[in-house]
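*Asks:* Sharing a structure here in structure tokens format.
Please treat every number below as a calculation from the coordinates, not as lab data. Keep in mind the model is a prediction, meaning the values are calculated, not measured. Cβ placement follows ideal geometry from the backbone for every residue including glycine, while neighbour counts extend to all protein chains displayed.
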Amino acid sequence: MKGTGLTYWLICGVAVLAIASGQARAQRSGTGESSVKVVIVDPAGAAIPGAQVRLGPQLDKAQAIQTDTHGEANFTKLSPGLYRLRVEAKGFELLERSNVVLRAGQNHFEVHLEISKVREETIVQQDKREAQTDLRGNAFTTVLTAEQIAQLPDDPEEFEAAIRQMAGPGAVFRVNGFRGGKLPPKSQIREIRFRLDPFAAENHEASFININVTTKPGINNWHGSFNAGFRDESLNARNAFAPVRGAEQFRRFGLDLSGPLWRNHTSLFLSADGTNAYDSKTIVAALPGDRFSDVIRQPSRKLNLSARVEHVLAATHTLRAEYQRNANRLDNLGVGNFDLPERAYSTDAAEHVFRLSDSGAIGKKMVNEFRFQARRRKSEIDSISDAPTIIVLNAFNSGGAQLADHRRDRDFELADNVDFGFGMHAMRAGLLLEGSAHQSHELRNFNGTFTFASLDAYRAGLPAIFNQRLGAPSVDFTQYQVGWYWQDDFRVFKGLSMSFGIRHEWQTTLEDHNNFAPRFGLAWSPFKEGKTTIRASAGIFYDWFEATAYENILRVDGRQQRDVIVSNPGFPDPFAGRTQFALPPSRIVRDPAMTLPYLEQFSTSIQRQLPSSISLIGSYFYQRGVHLLRGHNINAPVPGLGRPDPGEGNITSVESSANSSRHSLSINLNWVKPKRLALGANYTLSKITNETDGPLSLPADNFNLRADRGPALLDSRHRFVMLSYLTLFKELRLGTTFNFVSALPYNITTGFDNNGDTVINDRPRGVARNSARGAAQWNMNLRLGWGIGFGTSREATSRAQMTVIRSSDSDPLGSMGTRGTASNRWRAEFYLQAFNVFNHVNPVNFTGVQTSPFFGRATAALPGRRMEVGMRFNF
């Protein structure tokens, strides 16, 4: 087993203590423990706070807990088996279920209520220490409220980008347990949960934070919404690097509909959203005669369709099936910064996603969860010109993009998890099988590229390098990967829980099968009031050998395709004149000793519940990357001796020889007053160091690989994000998002091939990789919304007939997270949204080539202020 560092020994030592403690507890008791999270929602799918939930073998002796502001009730210290469930809330119909199966470990149920009469019962509070130390529970999570979700952008891509910006780099997205695809419409999302410390053995991805998006459960009445948004350049600010205000137009629509096909059994969810837009990309270049500045229009068209069906198979089983079709066309890509208009190319892609999931009891002591996902993607890339490319380093790029890529990709994911108990241990085991098939017909750089070191070299007609890719364009291959795990969660005593697990993974494209990854975690609540919780976790995470890197190895193998490289070529004929030297064909190979890369991770966090519903979390995270993939030219010329094999050109060997490290300290604060105020803020101080930018990234010195160790490209030392929501007056609401990112690094190079390896990435003597820094970036987005409801909903009519009236203070959030939605049949909301409202200039694309006329300066900026107006109509 790999990983003999400090993390590995820490895991092994604590694991021995954990197992010994668990065995001692098991000898004192013969039953496992279960914990349950029950989520209560109204007919529109919104959370119901203050509902009473009873759960027990017999209802007259059952424990009763009141739901919190998210509609959740959490039970702990239960024995696995059959239970009865009873839910009561003011203004809603009483609900009872029998034969509810609890497995060992964490259980999760969603229940929706119909409008009915009021009942009063005594509420029993849950033990806070047990809730906070539930390793699969709600501790160390941040939940976006319905109000906060409503204030985020309506455009699906901008919506996802805003969430990713909150989480920081490396976050993993899941929607109802699935990865990939598009996010559902905001109106169908019940909650977005940011979960820290996801070190459980069931997780393949190495991440300090997971983003779990949960859609609303099945409903018993038809609901829908339509939304639209519009913006153009009339209210936008000019980009700081544009000579004029660029043309822009953005038209977006969204439609969703949901309701019962078979009441109390089958529900249908439909959605469609699309955009027809164009924006402007700035060009800042230095031509032989003068500076060149322009803006280029970039059109785009997107259409996303989805359908989801939820069907109750049995009292303890719910089947979910979903289909997505996501299509987009983008034009004039590849233009901007130093690239002139003739460099443009277009992409046209369509993706089909099918998902199927089921979870439920197997007998009385086990619960099984099944997930299946299949995706098919077709994409085409075509350039407007196939003329030879001319690159004058960080001055201008002209000629054709020389791209003709038609590909078909298919992949599937099959996962099964089973939960069971043994003694005091709540165990989970599972299997993950992934497979993919790829067919590509790619022509790239087939007419060649001339690279000039400077404008003076271009004026003199003296290129430094000419390279060209020749050969057959078609590649067809498949790839499979398997992972299985076992995990044991157990409670040592009331305020302390521990977890130990092991995961094993392997991949068909590598001979490396010895990939065992131990995981460990604990949660400790040291004080009786349960307001302080400490968590620590450690583990090893393996990463897959990506299909894109494997495809390049198959494609550029010297026979299928090969790279022709000429030093000191002629111009425009690379083989005429000067002292040109053509290398033998170059190729890409895989190191026979290559293994799967892996990460050793450790984190510790402390959470404190403060007065006035304020939650404060402080976390430290350490990550060490081992055997990371990098490119290495193993036939680079040895100074004074020449190439090791004169009969070969460059041989780029993909090998697992790089390392990385990451330290991160973060503070997270959340303050929520339902329907009135929500504030979330996060500050992160981090340092990320690595030795490579990817599997095909070559070092500056092929004989001293450690010299490439430096800041990672995403090494922003300081990050701060704040999201707020405030009700100004009745239905007038204000939402703001503030983001700050400190300067990112960039690399300084000489602009020449100083070491003769035909790769122009040489740095000045004594200058480390990515040693320069750009400029900090910050912006504030604002959304001002006003809504009005009219008509009487079916739920409100039913409630009036029973002469039951609820006060507005106890009314749960409606489907848009605003007061009054549940009592109105129709509702219209109008909004004004401003991105970068203060029009702050955020410069990017800093130039590190010393021969460039822009050396040390930015040549582009993020968009200035943009204004969007829109509306949403709920029915």
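*Asks:* FRET efficiency for Tyr480 and Lys730, Cβ-Cβ distance as r, R0 = 60 Å, nearest 0.05?
*Replies:* 0.55
*Asks:* From a point 7 Å beyond the Cα of Ser436 in the direction of its Cβ, which residues of segment 505-542 have a backbone N at a distance under 15 Å?
*Replies:* 507-510
*Asks:* Something else: For Asn276 and Phe370, compute 0.36 nm times the residue count separating them, minus their Cα-Cα distance, and round to one decimal in nm.
*Replies:* 30.1 nm
*Asks:* List every DSSP H helix in the chain whose Cα atoms extend 15 Å or more along the helix's own long axis and whose mean Kyte-Doolittle hydropathy is at least 0.0.
*Replies:* 6-28
*Asks:* Follow-up question, since we're still on this one. Long-range amide H contacts for Gly180: which residues qualify at under 5 Å (H placed 1.01 Å from N, peptide plane, sequence gap of 5 or more or a different chain)?
*Replies:* Under 5 Å from the amide H of Gly180 lies no amide H from a residue far enough along the sequence or on another chain.
*Asks:* Could you sort the peptides 759-765, 593-599 by per-residue average Cβ neighbour count (10 Å cutoff), highest mean leading?
*Replies:* Packing proxy ranking, top to bottom: 593-599, 759-765.
*Asks:* Let me ask something additional. For a Förster distance of 25 Å, can you work out the FRET efficiency between the beta-carbons of Ser79 and His108, rounded to the nearest 0.05?
*Replies:* 0.90
*Asks:* Against the 2.2 N^0.38 Å scaling, with N counting residues, where does segment 176-283 land? I'd like the Cα-based Rg ratio to two decimal places.
*Replies:* In units of the globular-protein estimate, segment 176-283 measures up at 1.53.
*Asks:* Find the eigenvalues of the gyration tensor of the Cα atoms of segment 319-455, then list the square roots of 5 times those eigenvalues as equivalent ellipsoid semi-axes, largest first, in whole angstrom.
*Replies:* That gives 50, 17, 12 Å for the three semi-axes.
*Asks:* From the helices alone, meaning DSSP H stretches of at least four residues, give me the mean residue ellipticity at 222 nm for the chain, per-run term -39500 (n - 2.57), in deg cm²/dmol to the nearest 500.
*Replies:* -2000 deg cm²/dmol
*Asks:* Starting from the Cα gyration tensor of segment 445-501, take the square roots of the eigenvalues, sort them a ≥ b ≥ c, and report rounded, prolate or oblate (rounded when a/c is under 1.5, otherwise prolate if a/b is larger than b/c, else oblate).
*Replies:* oblate
*Asks:* Starting with the highest mean, order 206-213, 235-242, 574-581 by the number of other Cβ atoms within 10 Å, averaged over the residues of each peptide.
*Replies:* Per-residue mean Cβ counts within 10 Å order the peptides as 206-213, 235-242, 574-581.
*Asks:* Tell me, what is the FRET efficiency for Arg559 and Ser697 to the nearest 0.05, using R0 = 35 angstrom and their Cβ-Cβ distance as r?
*Replies:* Approximately 0.90, to the nearest 0.05.
*Asks:* Between Arg865 and Glu380, 0.36 nm times their residue separation minus their Cα-Cα distance comes to what?
*Replies:* 171.3 nm
*Asks:* Okay, next question. Relative to the present Cα-Cα distance, how much length would full extension add between Leu665 and Leu287 at 0.36 nm per residue of separation?
*Replies:* 131.5 nm
*Asks:* How do the peptides 719-728, 485-494, 605-614 rank, highest first, by the average count of neighbouring beta carbon atoms within 10 Å per residue?
*Replies:* 485-494, 719-728, 605-614
*Asks:* At what distance in nm do the modelled label points of Glu511 and Ala307 sit from each other, each positioned 7 Å from its Cα along Cα→Cβ?
*Replies:* Inter-label distance under the simple model: 5.0 nm.
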